[in-house]
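Read through the structure below, which is laid out as structure tokens, and then see the notes.
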């Protein structure tokens, strides 16, 4: 089983490198650093993602925490968008 680091963006230092797989949580967003990729905190507090070589991975029936997080967040964002769209229309 792969270990996934979960980090708060406020705890990261300038120029700190985060090796994927990792999830960086901010008050306004969630950043996913996929396996074989790296994230780096800039002086302005942004995260730059460096894409890895993209090694193929077999997709099986086992759970993938990163993909579950993506689908969970996209579902929540879609529901929020749908709600506010109804309010303003």
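FYI, it's all coordinate maths here, none of it is from the lab. Small disclaimer: the values here were computed from a predicted structure and weren't measured. Glycine gets a Cβ as well: all are built from the backbone with ideal geometry, and neighbour counts include every protein chain shown.
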Between residue 42 and residue 65, what is the spin-label point distance in nm, taking each point 7 Å from the Cα along the Cα→C-beta axis?
2.8 nm
By Cβ neighbour count within 10 Å, fewest first, 46, 26 rank 46, 26
